[in-house]
Structures are given as structure tokens and as C-alpha cells.
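For reference, the structure is listed below as C-alpha cells.
The values are calculated or read from the model by the stated rules, or taken from the named source; none is laboratory data. Note that the structure is a prediction, hence the values are computed from the model and not measured. Positions of Cβ are generated from backbone atoms using ideal geometry, with glycine treated the same way; all protein chains shown enter the neighbour counts. What goes into the accessible areas is simple: the full protein's heavy atoms, side chains included, and nothing from ligands, DNA or RNA. Shrake-Rupley method; radii C 1.70, N 1.55, O 1.52, S 1.80 Å.
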Amino acid sequence: MRLLAGFAASALAAVSLVAVNAGSAAAADCGYLFDDFHYSSSSDPALSGNGWTPRSYQGGPGVAGANWSPAAITFPEISGQKVMQLTASTDGTAAGTKHAELYSTQKRYLEGTYASRVRFTDAPISGNDGDHINQTFFTISPLNGDLDPTYSELDISEYLPNGGWGETGPINYQTTWYTYRNEPWYADNLHSSQRSSLDGWHDLVAQVANGHVVYWIDGVQVGDHGGKFYPRQTMTINWNLWFIDLAAHTGGLSTYIEQVDWVLFAKNQVLSPAQVAAQTSSYRSSATVFTDTVASSGPCVDPTPSSPSPSVSSPSSPPPTDCSGAAAWQYATTYQGGSVVKHEKSRYGDPSGPPSGQGAHLWKARWWTQGSEPGWTEQWQDLGPC
């Protein structure tokens, strides 16, 4: 979501969770979110009722002083199918610049598969071309202070048809963030890029599992990021359309759009692009325009915050684990594979938030990790309750 720093290309292989048979078109039901965006307007009560918020507050990213309005989110019908449309415009001034964003109200998404069918556009629908416009699909958590080591952000696609950030367009980025600082600017991330036009509809997929974030466009793998950049806390799902700056603007008012056909999230499952297509087709064939079982299904890998952990002591549970020799987990500490800590997972995947109420457990690091909270990612193995 900001100026990119550094470049890394990974040659690591894609991975899968045991919840999915990689050769099958269907996946185990560990919880799904699917939305076909059948709404009348940004003020439709069903939109907020289904967990979406049209942005209405000012601030970054993009042009300082620009307006973010729910009115910039509409739901036109394209070729007989409803889509979500973001509209952004500028006359070359901050006061005359409008951005658009839709995001999930709850921060509850972590490991699994994220997918969305998005239409990127190379040219404005009216006015002069050439603006540094950013068309996005991403997930993000709050930044709790400069260089927050628990910060998590996956820019699944940031498409710059006219360039920006010192680059000429068209260029598209996948960026996996560890952390950043605004003043003075410092970015700690990995990114991949494609330097060709993406004008038109595209299926965007990100698989988050086993220490890797694997990115796909139209069934082609375009990135594999891991290590410390693997997300460490739950995130929201977002799309936005905004101007990086006004340096390239000419003439009067220029207006750009980005459209979204559908979104799918499969909790704690690695779905191939083909499986994503099959799952989406199944929902549409059954006339399902919205479903959300993220909190009620599964857990397959990770218990939901409202459900008791399978390892909580009960008549059928194993005896408590001896945690007396383990130090308490610290989010700023670096842990090597095999390190053991004790920790009570947070309720919502935010280490600074309320505890789950499940009590402390003993955890073993599967690989190098820092800022990854035990109980919320595959980086930690649960050895049982203390």
C-alpha cells in the first residue's frame, strides 16, 4: 500500500494444507466467505449486515486531503451480473480528488485462500489519461506503532496502469509486508511484479499456509513469499482505488473505475485456482449470492476464537503439560525452530487485545518466527494446556 522497498524473488514450491486434496475440485469445509455483491447501493443495509464497510474517513494512503466517500461505491449490472464498482476522480487538486474503498468490518482473516475476480482498467472512463492511479485487492491489520513486528499486510494486487513510485506503467505488484515506519519512511517487505497491461478481468488468488504466501493471477503463479514476512495476525479484506500523487495529472476532471465480480475466502485451506473457480461456480449455480461460515465451520487447523480449543483440559483431554521451564512468549523476541514458550492466545488474533479465555498453552516453534502469536498461525505447534 505504500512505496515499495527492495525486491526478492522466491523459487520455493507451493504448499498445501492437509485439509485439501490437491487433486480434487472440491475442498473440505473449514469455513467460507463468498459474496457475489448483489446490493443496491453503499447504503444498502444488507451490505453492512454482511460485514462490509464503505470507507468514509479521510487519511492515507494517497493524496493528502482527498475525500473518501461511500458514494464512490456502487453496484451496477454488467452483462447481466451485478458487480461492485469503485470510482475515483481528480481535477489535479487535493480538494478535487476522490478515492474509494470497501473493507470487511471485522479483522478476522488469516490462514487460508483469498480470491477475487477483479477488473483493472488502463484508461479513465472520462477525462485525460496518465494519472498515477492504484487499483488494489489486499488484506491488512492495524500498525500498532512504528516498526510494529506483528503488523501484517498482503497486497494481493496493486495495479498501476500509468506507473507511480518512480516506476513507469503498466506495472502490477504483489507485496508481503513485515512492517514499516512513516517518518522517516522505512519499508520492510518482499514484492513481485509484472510489467505488462492487466486491463480487463482477472482471477486473483493468494494461498496463505505453512509459512508461505503464494500468489496467482489467472492460474499462473506470480509470487512465493515467506520467512519473517508471513502474516502474524488476523487481517481485514479490502479493495481500494486511489491516486498515489497528482504529479502526472493534466487537464480537467479525470475519472477511473475498478470493478469486483466476487470474493471468496476459504479458512485454513489451500485451494488451487481451479478449485476456487469450481467453488465459485458451485455457489452461483445454486443461486447463492452470499454465505459466511468462517466463524461457524471448521476449524480444520485453527479453532475459532469463540470455540473451545480441542486441547483445553476436559475429561477426554490429555493431562496438563508441564510449562514450568518455558518462558512466556514475547512478540518482539526472535525464536528459532524448536523454541518452546508458554502463552494464552488472544481472542481475535491481536496480541495486545483480550485473551481467549482458554488458558496458557505450551507452544513449539516450527521454524524461525518473530511477532507471530502462538495459537494464530502454523508457525507454532500446540503442545497442550499448562
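Using the Karplus curve 6.51 cos²θ - 1.76 cosθ + 1.60 with θ = phi - 60°, what ³J(HN,Hα) values do you get for each residue of the range 284-293, in whole Hz, with x for Gly and Pro?
5, 5, 8, 6, 8, 9, 7, 8, 8, 10
For the range 121-204, what is the charge dipole size about the Cα centre, in debye to the nearest 20, if Lys and Arg each add +1 at the Cβ and Asp and Glu each add -1 at the Cβ?
For this selection, approximately 100 debye.
Viscosity 1.306 mPa s, temperature 10 °C: give me the Stokes-Einstein translational D for the range 166-223 in µm²/s, with Rh taken as the Kirkwood radius over C-alpha pairs.
120
Can you give the local net charge around S48? Use residues other than it whose beta-carbon is closer than 15 angstrom to its beta-carbon, Lys and Arg +1, Asp and Glu -1. Mind showing how you got there, number by number?
Details: positive: R55; negative: D35, D44, E101, D292.
Neighbour charge sum, excluding S48 itself: -3.
Which whole-Hz couplings ³J(HN,Hα) result when phi for each residue of the range 265-275 is put into the Karplus expression 6.51 cos²θ - 1.76 cosθ + 1.60, θ = phi - 60°, listed in order with x for Gly and Pro?
Ordered by residue, 3J(HN,Hα) equals 10, 10, 6, 6, 9, 9, 9, 5, x, 5, 5 Hz.
So for the pair Y186, D292, with labels modelled 7 Å out along Cα→Cβ, what separation do we get in nm?
Result for the modelled spin labels: 3.8 nm.
Heads up, I need the accessible area for E258: 1.4 angstrom probe, whole protein in place, Å², nearest 10.
E258 exposes around 0 Å² with every protein chain in place.
Using a 1.4 Å probe on the protein chains only, how many percent of the accessible area of the chain belongs to carbon and sulfur?
So the carbon and sulfur contribution to the accessible surface is 53 percent.
What ranking do 134-142, 92-100, 327-335 get when scored by the average of other Cβ atoms within 10 Å per residue, highest first?
Per-residue mean Cβ counts within 10 Å order the peptides as 134-142, 92-100, 327-335.
Give me the net charge for the shell around E258: Cβ to Cβ below 13 angstrom, other residues only, Lys and Arg +1, Asp and Glu -1.
Neighbour charge sum, excluding E258 itself: -3.
Using unit Cβ charges (K, R positive; D, E negative) and no other charged atoms, how large, in debye to the nearest 20, is the dipole of the chain about its Cα centre?
Here the size comes out at about 720 debye.
Could you tell me how many cubic angstrom of Cα convex hull volume the range 235-297 has per residue?
In the range 235-297, the Cα hull volume divided by residue count equals 164 Å³.
What ranking do 272-281, 209-218 get when scored by the average of other Cβ atoms within 10 Å per residue, highest first?
Working: 272-281: 18.3, 209-218: 21.4.
So the order, starting with the most tightly packed, is 209-218, 272-281.
Roughly how big is the range 47-206's charge dipole about its Cα centre, with Cβ charges of +1 (Lys, Arg) and -1 (Asp, Glu), in debye to the nearest 20?
Roughly 460 debye for the range 47-206.
If the viscosity is 0.692 mPa s and the temperature 37 °C, what Stokes-Einstein diffusion coefficient in µm²/s follows for the chain when Rh is the Kirkwood radius over Cα pairs?
Details: Rh = 21.6 Å.
This corresponds to a translational diffusion coefficient of 152 µm²/s.
Give the distance, in whole Å, between the Cα centre of the range 138-169 and the Cα centre of the range 202-219.
First find each Cα centre; the distance between them is then 16 Å.
Semi-axes of the equivalent ellipsoid of the range 127-240: what are they in whole Å, largest first, if each equals the square root of 5 times a C-alpha gyration tensor eigenvalue?
Whole-Å semi-axes of the equivalent ellipsoid: 24, 18, 12.
Can you check how the C-alpha radius of gyration of the range 34-166 compares to 2.2 N^0.38 Å, as a plain ratio?
1.11
Can you tell which of L241, A95, W262 lies farthest toward the positive end of the dipole of the chain, using +1 and -1 charges on the Cβ of basic and acidic side chains (Lys, Arg; Asp, Glu)?
W262
Skip the ligands, DNA and RNA, and give the accessible area per residue of the chain with a 1.4 Å probe, whole Å².
I get 38 Å² per residue for this part.
Given contacts defined as C-alpha pairs under 8 Å and at least six residues apart, what's the relative contact order of the chain, whole-number percent?
Numbers: 1035 pairs, mean separation 85.9, N = 386.
Relative contact order of the chain: 22 percent.
Among Y230, V213, S197, pick out the residue whose Cα is farthest towards the positive end of the charge dipole of the range 195-280, where Lys and Arg carry +1 and Asp and Glu carry -1 on C-beta, about the Cα centre.
Checked the options; the winner is Y230.
Compute the length gained on full extension between E167 and D146: take 0.36 nm times their separation in residues and subtract their Cα-Cα distance, giving the result in nm to one decimal.
Here the segment from E167 to D146 would lengthen by 4.9 nm.
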